[in-house]
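Participant: Pasting a structure here, questions to come.
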C-alpha cells in the first residue's frame, strides 16, 4: 500500500488495512469487536450475579445482616470516585476528537489517579474485613453475625469485588498506554482516536459493573 | 452494501462533534441517582427496595452505555451485540431463580430459608454448622495472637 504517506493539508489518520473497504468500515469493525469483547465481560460478571441471586434467595436474613455490616460511606465514596473517573475518560475521547492531545493525557491522568483512589479505599475495606473476620467460607470468624449463609455472602462479596478490582487494574494499564501516547507522540485527532475510544469504553464497562455491584452488595 | 452504509452512518454520527456539556449533564445525573439510591437504600424498604435499587442501577447503566460509550450514536450490529448480551444475563439469572423457586423442599441446602433442616442435621460439626465458618478454632488462634 503506497497510500501510507501523508499528503500535506490533510488530517493524518490511521493506516488502512488491506482487507477493509474503507477507513469507516475499519473503525466500525474495531468498535464491533470491542462490543463483542465487552459482551463476554458482561456475561463473565453475570455468572457472579447469578450466584448472588441464588444465595440471596436461599439466605435472605444472612444477606440483609451481612450487607449492613459493610461500610456504606466508603462504598458511596468509591461509587462517586468511579463515576467521576468515567466522566473524565469520556472527556478524553471528546478532546481526542478535537486533537487536543495534552488534554487527553491530563484527563487520563485524572482517571488513573481516581482509579488508584478507588483501589486504596477498597484495600482499607478488605483490611477491615480480614481484621473482624467477615471472610469467605471456612475462614469466617465474625461473632456479630451468626447466621447460616453469612460466609457465603462474603464469598460472593470477595469474588465479585476482587474480579472487579482486577478489571480496574487492567483498565488502568490500557489507559496508561493511551496516556503515554497522547503526551509523547500526540497523534490523536478527529481521524485517529480509536485507541482512546476503545480504552475509554473498557473503563466505562468497569464503571457499569460497579454501578450494579454497589447497590447489590451495600444497599439491599 | 448494508454494512458499508452502517459504517458510514456510524462514522457520520461519531464525527458530529457534541459539546462537552452533554458529558457534564450525564455525570451530574449519575451522581444524583447515586445519592437517591443510597438514600432509598438506607430506608430499608421491605418489599420493593431491591427492585427500586435495580431500576435505578439500570437507568444509570443505560446512561453510561448510551452516552459515555456512545451507543446512542452506534447502529445495528453494535446495539444488537449489547442487547443480546443483556438478554442472556436476564435468561441466566431468571432461569436460575426459577429453578430455586420451584424446587422440592428437601433439595434446598440445609439452613436456608426453604429447608426444614439445619446443617447439623446432616452431620456438620455443631461449632461450624451454624454459619459454615470455623469460628471456634480460628477465634482461639486469633486470641492467642493478641
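The values are calculated or read from the model by the stated rules, or taken from the named source; none is laboratory data. No experiment lies behind these values; they were computed from the predicted model shown. Cβ atoms come from the backbone with ideal geometry, glycine included; neighbour counts cover every protein chain shown.
Participant: Condition check: more than 30 Å from residue A:98 (Cβ to Cβ), facing chain B (nearest Cβ under 10 Å) and part of a helix (DSSP H, G or I). Does residue A:148 satisfy that?
Facilitator: Numbers: more than 30 Å from residue A:98 (Cβ to Cβ): yes; facing chain B (nearest Cβ under 10 Å): yes; part of a helix (DSSP H, G or I): no.
So residue A:148 does not fit the description; no.
Participant: Quick check: anything in the range A:51-67 crowded, with 18+ Cβ neighbours inside 10 Å, in contact with a helix residue (DSSP H, G or I) (Cβ under 9 Å, 6 or more places away or on another chain) and outside any helix (DSSP H, G or I)?
Facilitator: Looking for residues that are crowded, with 18+ Cβ neighbours inside 10 Å, in contact with a helix residue (DSSP H, G or I) (Cβ under 9 Å, 6 or more places away or on another chain) and outside any helix (DSSP H, G or I), one finds at least one in the range A:51-67, hence yes.
Participant: When only residues in the range B:30-53 that are more than 7 Å from every other protein chain (Cβ to nearest Cβ) and under 30 Å from residue A:31 (Cβ atoms) count, which is surrounded by the most Cβ atoms within 10 Å (Cβ to Cβ)? Can you show your working first?
Facilitator: Step one: of the range B:30-53, the residues more than 7 Å from every other protein chain (Cβ to nearest Cβ) are B:32-33, B:35-36, B:39-40, B:42-48, B:51-52.
Remaining after also requiring under 30 Å from residue A:31 (Cβ atoms): B:32-33.
Values: B:32: 10, B:33: 17.
Only one residue tops the list, namely B:33.
Participant: Hey, can you tell me all the residues within the range A:206-220 that are more than 8 Å from chain B (Cβ to nearest Cβ) and under 8 Å from the mean Cα position of the chain (by Cα)?
Facilitator: Result: A:206, A:209, A:210.
Participant: I've got another one for you. Being crowded, with 16+ Cβ neighbours inside 10 Å and free of Cβ contacts under 8 Å to residues at least 24 places away in the same chain is the requirement here; does residue A:141 meet it?
Facilitator: On the way: crowded, with 16+ Cβ neighbours inside 10 Å: yes; free of Cβ contacts under 8 Å to residues at least 24 places away in the same chain: yes.
Answer is yes for this residue.
Participant: Which residues, counting only those in the range B:80-101, are surrounded by 12 or more Cβ atoms within 10 Å (Cβ to Cβ) and in contact with a helix residue (DSSP H, G or I) (Cβ under 8 Å, 6 or more places away or on another chain)?
Facilitator: B:81, B:82, B:85, B:86, B:88, B:89, B:92, B:93, B:96, B:97, B:100
Participant: Got a sec? Which of A:158, A:141, A:124 is within 14 Å of another protein chain (Cβ to nearest Cβ), closer than 18 Å to residue A:218 by Cβ and touching a helix residue (DSSP H, G or I) at 6+ places or on another chain (Cβ under 9 Å)?
Facilitator: On the way: A:141 fails: closer than 18 Å to residue A:218 by Cβ; A:124 fails: within 14 Å of another protein chain (Cβ to nearest Cβ).
Criteria check complete, one pass: A:158.
Participant: Is it the case, given these coordinates, that residue A:159 is within 17 Å of the chain's Cα centre (by Cα), outside any loop (DSSP other than H, G, I, E, B), touching a residue at least 40 places away in the same chain (Cβ under 8 Å) and within 19 Å of residue A:88 (Cα to Cα)?
Facilitator: Values: within 17 Å of the chain's Cα centre (by Cα): yes; outside any loop (DSSP other than H, G, I, E, B): yes; touching a residue at least 40 places away in the same chain (Cβ under 8 Å): yes; within 19 Å of residue A:88 (Cα to Cα): no.
It is false that residue A:159 is within 17 Å of the chain's Cα centre (by Cα), outside any loop (DSSP other than H, G, I, E, B), touching a residue at least 40 places away in the same chain (Cβ under 8 Å) and within 19 Å of residue A:88 (Cα to Cα).
Participant: Given the criteria in a loop (DSSP other than H, G, I, E, B) and within 14 Å of chain B (Cβ to nearest Cβ), does residue A:153 qualify?
Facilitator: Details: in a loop (DSSP other than H, G, I, E, B): no; within 14 Å of chain B (Cβ to nearest Cβ): yes.
For residue A:153, the condition - in a loop (DSSP other than H, G, I, E, B) and within 14 Å of chain B (Cβ to nearest Cβ) - is not met.
Participant: Among the residues in the range B:71-92, are any at pLDDT 85 or above, more than 7 Å from chain A (Cβ to nearest Cβ) and assigned to a loop (DSSP other than H, G, I, E, B)?
Facilitator: The answer is no, given that none of the residues of the range B:71-92 is at pLDDT 85 or above, more than 7 Å from chain A (Cβ to nearest Cβ) and assigned to a loop (DSSP other than H, G, I, E, B).
Participant: If only one of A:97, A:102 is in a helix (DSSP H, G or I), away from every other protein chain (no Cβ under 12 Å) and touching a residue at least 12 places away in the same chain (Cβ under 8 Å), which one is it? Write out each step before concluding.
Facilitator: Values: A:97 fails: away from every other protein chain (no Cβ under 12 Å).
The unique qualifying residue is A:102.
Participant: Going by the structure shown, is residue A:130 free of Cβ contacts under 8 Å to residues at least 60 places away in the same chain and either closer than 21 Å to residue A:61 by Cβ or assigned to a helix (DSSP H, G or I) (or both)?
Facilitator: Working: free of Cβ contacts under 8 Å to residues at least 60 places away in the same chain: yes; either closer than 21 Å to residue A:61 by Cβ or assigned to a helix (DSSP H, G or I) (or both): yes.
In short, yes.
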